[in-house]
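A quick write-up on the structure given underneath.
The values are calculated or read from the model by the stated rules, or taken from the named source; none is laboratory data. Computed from a predicted model, the values in this text were never measured in an experiment. Positions of Cβ are generated from backbone atoms using ideal geometry, with glycine treated the same way; all protein chains shown enter the neighbour counts. Side chains included, ligands, DNA and RNA excluded: accessible areas come from the protein's heavy atoms. Shrake-Rupley method; radii C 1.70, N 1.55, O 1.52, S 1.80 Å.
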Amino acid sequence: MKIEWRKVRIPVFLTIALLSTVTCILTCTLYKGYALNYDLEAWEIGTEIFGMLYPLFVVIPLCWNLYYERKNHFLNYVIPRVSIGRYLMSKWTLHAVSAFCIIFIPWFLSAVFALYVKAPIEPTSPVITEEATNFSHVFQNVFTTVPLLYALLLSVWKGFLGVLVMTLGFVLSLYVKNIFIILTGPFIYAVLENFALAILRLEQYRLVTAFEPTSIAGNAFSVSSFFVGPAILLLFILGSMVYFTKVKKIPIAEV
């Protein structure tokens, strides 16, 4: 694990640092053009732009590594020393932890900035007015009363989605020889899935909706919206593995 960490630590650290800086700055600035009632709304506005881009953040810093190990036949030197399954599991575990941190740290840190660093939001209208009482949000009670807990739980969930998306890139790096497809494939999948479900008027089941619940109206979101998109992606990952191994019969390590 230490050896694997040394291979990817620089791009992982750079991605976390850059993404944390950008999300915190946007969280503390973009909200000023909006009429808001709660501090955590600034966090949602500042990070909303990354709802479709996050597949790039968890794939590009990590999945290049296995591609080059296959390309230069490094795996052929690994197999005599350790089983390929154990080696790949160790690599995936390290990549999964890294992908989780790449998403969790910037998102939760920017939420902390929204709650405790930027200037407090002065509600545009008193809570007793009709405009304020019509406020609708996913898990509204937690969002309004314990916003830090809401941000923590949602950031953890986003981190797990990052791991799932990275896994698609990891699978592609096992079989595909085109580095461009490996690094952009998960992002392209997210775009096409988003488009297809929007055409079918199933926006509440998109992967981007599971990642960013505020991308649709609060009354259209349900608990199943958290799980349908990830489940479809998981089936796609499993189907891709079956296709590459059973249909195309592509070996992971080529002699």
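Being over 30 Å from VAL242 (Cα atoms) and polar (S, T, N, Q) is the filter here; which residues of segment 142-188 pass it? Spell out the reasoning first.
Narrowing segment 142-188 to residues over 30 Å from VAL242 (Cα atoms): 142-155.
Result: THR144, THR145, SER155.
Pick from segment 156-193 the residues that are open to solvent by 30 Å² or more (accessible area, probe 1.4 Å) and not in a helix (DSSP H, G or I): which of them is nearest to THR209 (Cα to Cα)?
Among them, the one singled out is ASN178.
A quick yes/no check of all residues on (1) free of Cβ contacts under 8 Å to residues at least 40 places away in the same chain; (2) open to solvent by less than 10 Å² (accessible area, probe 1.4 Å); (3) within 20 Å of LYS2 (Cα to Cα):
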{"site": "PHE57", "(1), (2), (3)": "no, no, no"}
{"site": "LEU62", "(1), (2), (3)": "no, yes, yes"}
{"site": "VAL82", "(1), (2), (3)": "yes, no, yes"}
{"site": "LYS91", "(1), (2), (3)": "no, yes, yes"}
{"site": "VAL112", "(1), (2), (3)": "yes, no, no"}
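What is the residue count in segment 27-67 for residues that are part of a loop (DSSP other than H, G, I, E, B), hydrophobic (A, V, I, L, M, F, W, C) and under 23 Å from LEU148 (Cα atoms)? Talk me through it step by step, then tell me what you get.
Applying the first criterion (part of a loop (DSSP other than H, G, I, E, B)) to segment 27-67 yields 28-29, 34-39, 52-53, 60-63.
In the following step, the residues that additionally are hydrophobic (A, V, I, L, M, F, W, C) were identified as 28, 35-36, 52-53, 60, 62-63.
After this cut, where a residue has to be under 23 Å from LEU148 (Cα atoms) as well, the list is 28, 35-36.
Adding up the residues that qualify gives 3.
Might you let me know whether segment 22-33 holds any residue that is open to solvent by 40 Å² or more (accessible area, probe 1.4 Å), touching a residue at least 40 places away in the same chain (Cβ under 8 Å), in contact with a Leu (Cβ under 8 Å, 6 or more places away or on another chain) and within 18 Å of PHE100 (Cβ to Cβ)?
Looking through segment 22-33, none of the residues is open to solvent by 40 Å² or more (accessible area, probe 1.4 Å), touching a residue at least 40 places away in the same chain (Cβ under 8 Å), in contact with a Leu (Cβ under 8 Å, 6 or more places away or on another chain) and within 18 Å of PHE100 (Cβ to Cβ).
For segment 142-158, which residues satisfy the criterion of being within 20 Å of the chain's Cα centre (by Cα) and more than 14 Å from PHE227 (Cα to Cα)?
Taking segment 142-158 as the starting set, the residues that turn out to be within 20 Å of the chain's Cα centre (by Cα) are 148-158.
Hits for segment 142-158 are LEU148, LEU149, TYR150, ALA151, LEU152, LEU153, SER155, VAL156.
For PRO230, indicate whether it is open to solvent by less than 60 Å² (accessible area, probe 1.4 Å), in contact with a Gly (Cβ under 9 Å, 6 or more places away or on another chain) and either assigned to a helix (DSSP H, G or I) or modelled with pLDDT of 95 or more (or both). Spell out how you get there, then give the answer.
Working: open to solvent by less than 60 Å² (accessible area, probe 1.4 Å): yes; in contact with a Gly (Cβ under 9 Å, 6 or more places away or on another chain): no; either assigned to a helix (DSSP H, G or I) or modelled with pLDDT of 95 or more (or both): yes.
Considered against the rule, which asks whether it is open to solvent by less than 60 Å² (accessible area, probe 1.4 Å), in contact with a Gly (Cβ under 9 Å, 6 or more places away or on another chain) and either assigned to a helix (DSSP H, G or I) or modelled with pLDDT of 95 or more (or both), PRO230 comes out as no.
Output yes when any residue across segment 207-222 is closer than 25 Å to PHE57 by Cα, of a type in the set (Phe, Trp, Tyr) and within 15 Å of the chain's Cα centre (by Cα), and no when none is.
Taking segment 207-222 and keeping what is closer than 25 Å to PHE57 by Cα, we get 207-216.
With of a type in the set (Phe, Trp, Tyr) added as a condition, the list becomes 211.
Adding the requirement that they be within 15 Å of the chain's Cα centre (by Cα) leaves 211.
The answer is yes, given that some residue of segment 207-222 is closer than 25 Å to PHE57 by Cα, of a type in the set (Phe, Trp, Tyr) and within 15 Å of the chain's Cα centre (by Cα).
One line per residue, one yes/no per condition, for (1) closer than 24 Å to ALA96 by Cα; (2) in contact with a Phe, Trp or Tyr (Cβ under 8 Å, 6 or more places away or on another chain); (3) touching a residue at least 40 places away in the same chain (Cβ under 8 Å):
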{"residue": "TYR175", "(1), (2), (3)": "yes, yes, yes"}
{"residue": "ILE179", "(1), (2), (3)": "yes, yes, yes"}
{"residue": "ILE188", "(1), (2), (3)": "yes, no, no"}
{"residue": "PHE211", "(1), (2), (3)": "yes, yes, yes"}
{"residue": "ILE216", "(1), (2), (3)": "no, no, no"}
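Looking at the structure I just gave you, is TRP107 more than 30 Å from ILE216 (Cα to Cα), in contact (Cβ under 8 Å) with a residue 24 or more places away in the chain and surrounded by 13 or more Cβ atoms within 10 Å (Cβ to Cβ)? Break it down stepwise before answering.
On the way: more than 30 Å from ILE216 (Cα to Cα): no; in contact (Cβ under 8 Å) with a residue 24 or more places away in the chain: yes; surrounded by 13 or more Cβ atoms within 10 Å (Cβ to Cβ): yes.
For TRP107, the condition - more than 30 Å from ILE216 (Cα to Cα), in contact (Cβ under 8 Å) with a residue 24 or more places away in the chain and surrounded by 13 or more Cβ atoms within 10 Å (Cβ to Cβ) - is not met.
With the checklist (1) in contact with a Leu (Cβ under 8 Å, 6 or more places away or on another chain); (2) within 24 Å of PRO147 (Cβ to Cβ); (3) open to solvent by 30 Å² or more (accessible area, probe 1.4 Å) in hand, flag the one item PRO11 doesn't pass.
Failing condition for PRO11: (2).
Read through the list (1) at pLDDT below 95; (2) more than 21 Å from TYR68 (Cα to Cα); (3) in a helix (DSSP H, G or I), then give the number of the only condition that ARG201 fails.
Condition not satisfied by ARG201: (3).
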